[in-house]
Amino acid sequence: MTQNGFRADEIDTSRPHPARIYDYLLGGKDNYQVDREAGEQLIGVAPEARIGVQANRAFLQRAVRHVVGAGVRQILDIGTGLPTSPNVHEIARAVSPDVRIAYVDNDPIVNTHAATLMSEAGTTSVVLADLRDPQAILDHPDVHRVIDFDQPVALLLVAILHFVTEAEQPGRIVATLRDALPAGSHLVLSHATSDFADRRETVTAYSNATASMNLRDRAEIERFFDGFELIEPGVAQVPFWRPDSEPTREEREIGFYGGVAVKRA
């Protein structure tokens with residue numbers, strides 16, 4: 001079967017994929033042995049990895065509720081990964097049922113879940129594309145089917161940019177996406193860091209994966225928000241971004257930054 005130009009037999013199960021490792025760490029079942037082994041290797045060198053991805057997911061939920069509460073009714077979620085309940089469309093529509101969502105990921109296995117996500121025809125799309133080619137995402141007909149770039153859009157780049165190397169110019173990628181967004185749009189971004197611990201072994205855990213891990217410090221991550229205005233509390237460790245409850249001692253060591261910003265003009 002072919003979907004978006006990919007056949008099912010083109011899914012690479014010989015190497016771990018970041019989306020499937022993430023799924024494993026979240027307790028999901030849509031992963032392979034190679035992904036589980038990579039996940040366990042990651043936990044071995046970074047014991048907080050599991051609570052880290054959970055905290056990142058909680059940040060995503062709070063951020064989505066914020067942008068929809070601010071009036072945004074369109075979401076472009078790039079690097080969405082495998083569906084994990086509550087999904088972005090479920091979070092958003094709990095606030096406002098008229099939100100439209102385009103999910104984008106480069107792993108063909110994500111498309112096996114398209115039927116579920118597309119159950120509400122016309123309001124959700126699932127696109128197989130790569131963040132490294134942002135213009136292709138912006139031009140994709142299934143993105144345009146649900147996203148009107150003349151109206152504010154919430155761009156989600158959650159736990160994805162650390163899989164982009166400097167040679168692949170992550171700043172250029174974000175700028176290309178930013179420049180396509182109208183005033184009133186929001187950027188929701190999170191990124192792994194080694195600011196709180198030596199994470200060289202974490203990088204090694206992804207050495208055989210389909211994408212490498214590229215940790216960045218807070219100043220580097222803040223630059224991704226150029227052209228946007230950060231809302232309080234700015235770029236913060238994800239458990240500290242507008243938390244629903246006081247972060248635990250373990251969460252204070254989590255190596256993920258997150259932030260939400262608005263494009264004023």
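The values are calculated or read from the model by the stated rules, or taken from the named source; none is laboratory data. What you are looking at is a predicted structure, and each value in this text was computed from that prediction instead of being measured. Please note: Cβ atoms are built from the backbone with ideal geometry, for glycine as well, and neighbour counts cover all protein chains shown. The protein model used for the area step is the full one, side chains on, heavy atoms only, and it has no ligands, DNA or RNA in it. Shrake-Rupley method; radii C 1.70, N 1.55, O 1.52, S 1.80 Å.
The residue that is least open to solvent (accessible area, probe 1.4 Å), counting only those in the range 163-181 that are closer than 16 Å to VAL262 by Cβ and in a loop (DSSP other than H, G, I, E, B), is LEU181.
If you go through the range 188-225 and pick out every residue that is among the small types (Gly, Ala, Ser), at pLDDT 95 or above and part of a helix (DSSP H, G or I), you end up with 1. Taken residue by residue, the range 6-13 has no member that is modelled with pLDDT of 90 or more, open to solvent by 70 Å² or more (accessible area, probe 1.4 Å) and within 20 Å of VAL143 (Cα to Cα). State whether one or more residues within the range 78-86 are outside any loop (DSSP other than H, G, I, E, B) and over 11 Å from the mean Cα position of the chain (by Cα). Checked against the condition, which is being outside any loop (DSSP other than H, G, I, E, B) and over 11 Å from the mean Cα position of the chain (by Cα), the range 78-86 yields no hits at all. The number of residues in the range 132-159 that are open to solvent by 30 Å² or more (accessible area, probe 1.4 Å), under 16 Å from the mean Cα position of the chain (by Cα) and of a type outside the set (Asp, Glu) comes to 1. Against the numbered list (1) under 30 Å from ALA209 (Cα atoms); (2) assigned to a helix (DSSP H, G or I), ILE101 comes up short only at (2).
Exactly one residue out of GLY184, GLY234 is at pLDDT 95 or above, touching a helix residue (DSSP H, G or I) at 6+ places or on another chain (Cβ under 9 Å), outside any helix (DSSP H, G or I) and more than 13 Å from HIS162 (Cα to Cα): that is GLY234. Scan the range 70-105 for residues that are hydroxyl-bearing (Ser, Thr, Tyr), surrounded by fewer than 20 Cβ atoms within 10 Å (Cβ to Cβ) and either touching a strand residue (DSSP E or B) at 6+ places or on another chain (Cβ under 7 Å) or touching a residue at least 12 places away in the same chain (Cβ under 8 Å) (or both) and jot them down. Scanning the range 70-105 gives THR84, SER96. A count restricted to the range 184-229 and to residues that are within 30 Å of GLN151 (Cβ to Cβ) and either surrounded by 18 or more Cβ atoms within 10 Å (Cβ to Cβ) or under 18 Å from the mean Cα position of the chain (by Cα) (or both) stands at 13.
Looking at the range 230-263, which of its residues are among the β-branched types (Val, Ile, Thr) and either in contact with a strand residue (DSSP E or B) (Cβ under 8 Å, 6 or more places away or on another chain) or open to solvent by less than 60 Å² (accessible area, probe 1.4 Å) (or both)?
Let us first name the residues in the range 230-263 that are among the β-branched types (Val, Ile, Thr), namely 231, 235, 238, 248, 254, 260, 262.
Answer for the range 230-263, where residues must be among the β-branched types (Val, Ile, Thr) and either in contact with a strand residue (DSSP E or B) (Cβ under 8 Å, 6 or more places away or on another chain) or open to solvent by less than 60 Å² (accessible area, probe 1.4 Å) (or both): ILE231, VAL235, VAL238, ILE254, VAL260, VAL262.
Scanning the range 87-105 for residues that are within 17 Å of the chain's Cα centre (by Cα) and β-branched (Val, Ile, Thr) yields VAL88, ILE91, ILE101, VAL104.
Among the residues of the range 56-100, what is the count of those that are acidic (Asp, Glu), at pLDDT 95 or above and either out of contact with any Lys or Arg (no Cβ under 7 Å at 6 or more places or on another chain) or closer than 30 Å to GLU253 by Cα (or both)?
Filtering the range 56-100 down to residues acidic (Asp, Glu) leaves 77, 90, 98.
Checking which are at pLDDT 95 or above leaves us with 77, 98.
Subset that is either out of contact with any Lys or Arg (no Cβ under 7 Å at 6 or more places or on another chain) or closer than 30 Å to GLU253 by Cα (or both): 77.
Result for the range 56-100: 1.
Restricting the range 201-211 to residues that are of a type outside the set (A, V, I, L, M, F, W, C) and touching a helix residue (DSSP H, G or I) at 6+ places or on another chain (Cβ under 9 Å), which is farthest from GLY259 (Cα to Cα)?
If we filter the range 201-211 for residues that are of a type outside the set (A, V, I, L, M, F, W, C), which is where we start, we get 201-202, 204, 206-208, 210.
If we keep only those that are touching a helix residue (DSSP H, G or I) at 6+ places or on another chain (Cβ under 9 Å) too, we end up with 201-202, 204, 206, 208, 210.
Working: GLU201: 26, THR202: 23, THR204: 26, TYR206: 24, ASN208: 29, THR210: 26 Å.
Per the criteria, the residue is ASN208.
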